[in-house]
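Engineer: One structure coming up, written as structure tokens, with questions to follow.
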Amino acid sequence: MRDVPVILSGYKLTVVEPPCPKMKEVAPGSFEPVTDRQGVAQFVVSVFAKLRVQAGERAPKGEEIKVTLLADPGEGFPEDSRVELIDPQINPYQIDNGAGRVTSGIAFKAMGLKSAHVRGEK
């Protein structure tokens, strides 16, 4: 399965590392921007996701996630700003290193990023 839509409306997302172009290492110490098949540059943002809870409830531990953005989010997403992901999706992956060790997980991606409207949240 690829590009599985996810609903993150139950989470507060706070920018940990502002959006920047996604880079890949092509040679030791040499990097180039990551692009999609049409040549459009991709971006990456790190956000801290924490479950929204009702007044008086204690939120469980949150988690930092890196999200690939398929479009330039533009300016205005500094560290500690509250955001929402536009059309968030996940992709499961599994990597076998050939020596019997398998790494698996999920990769997050979204079409973009927008500011979240925060009303009375702490």
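Engineer: Taking R0 as 30 Å, what FRET efficiency do you get between GLN94 and SER9 from their Cβ-Cβ distance, rounded to the nearest 0.05?
Structural biologist: Using R0 = 30 Å, I get an efficiency of 0.60.
Engineer: Along segment 45-52, what does the Karplus equation 6.51 cos²θ - 1.76 cosθ + 1.60 (θ = phi - 60°) give for ³J(HN,Hα), rounded to whole Hz, x for Gly and Pro?
Structural biologist: 9, 9, 10, 9, 9, 9, 4, 6
Engineer: Rank GLY74, GLY112, GLY39 by mean-square fluctuation in a GNM of the chain with C-alpha springs under 10 angstrom and give only the top-ranked residue.
Structural biologist: Looking only at GLY74, GLY112, GLY39, the biggest GNM fluctuation is shown by GLY39.
Engineer: Which residue fluctuates most in the GNM of the chain (Cα springs below 10 Å): ASP36, ASP96, ASP87?
Structural biologist: Result for the chain, Cα springs under 10 Å: ASP96 fluctuates most.
Engineer: Using Cβ contacts closer than 10 Å as the measure, can you line up MET23, MET1 from fewest to most?
Structural biologist: Arranged by neighbour count, lowest to highest, MET23, MET1 become MET1, MET23.
Engineer: Next up: Taking the square root of 5 times each eigenvalue of the Cα gyration tensor, what semi-axes in Å does the equivalent ellipsoid of segment 4-115 have, largest first?
Structural biologist: Sorted largest first and rounded, they come to 27, 20, 13 Å.
Engineer: In a GNM of the chain with a 10 Å cut-off on Cα contacts, which of ALA59, ALA49, ALA71 has the highest mean-square fluctuation?
Structural biologist: Its mean-square fluctuation being the largest, the pick is ALA59.
Engineer: Could you state the number of Å between the C-alpha centres of segment 7-21 and segment 28-107?
Structural biologist: 8
Engineer: So if we plug the beta-carbon distance of ALA59 and ALA27 into 1/(1 + (r/R0)^6) with R0 = 41 Å, what FRET efficiency do we get, rounded to 0.05?
Structural biologist: Working from the Cβ atoms, E equals 0.40.
Computed from the coordinates by the stated procedures, all read-outs in this text should not be read as laboratory data. Worth saying up front: this structure is predicted, and the values here are computed from it rather than measured. Cβ atoms come from the backbone with ideal geometry, glycine included; neighbour counts cover every protein chain shown.
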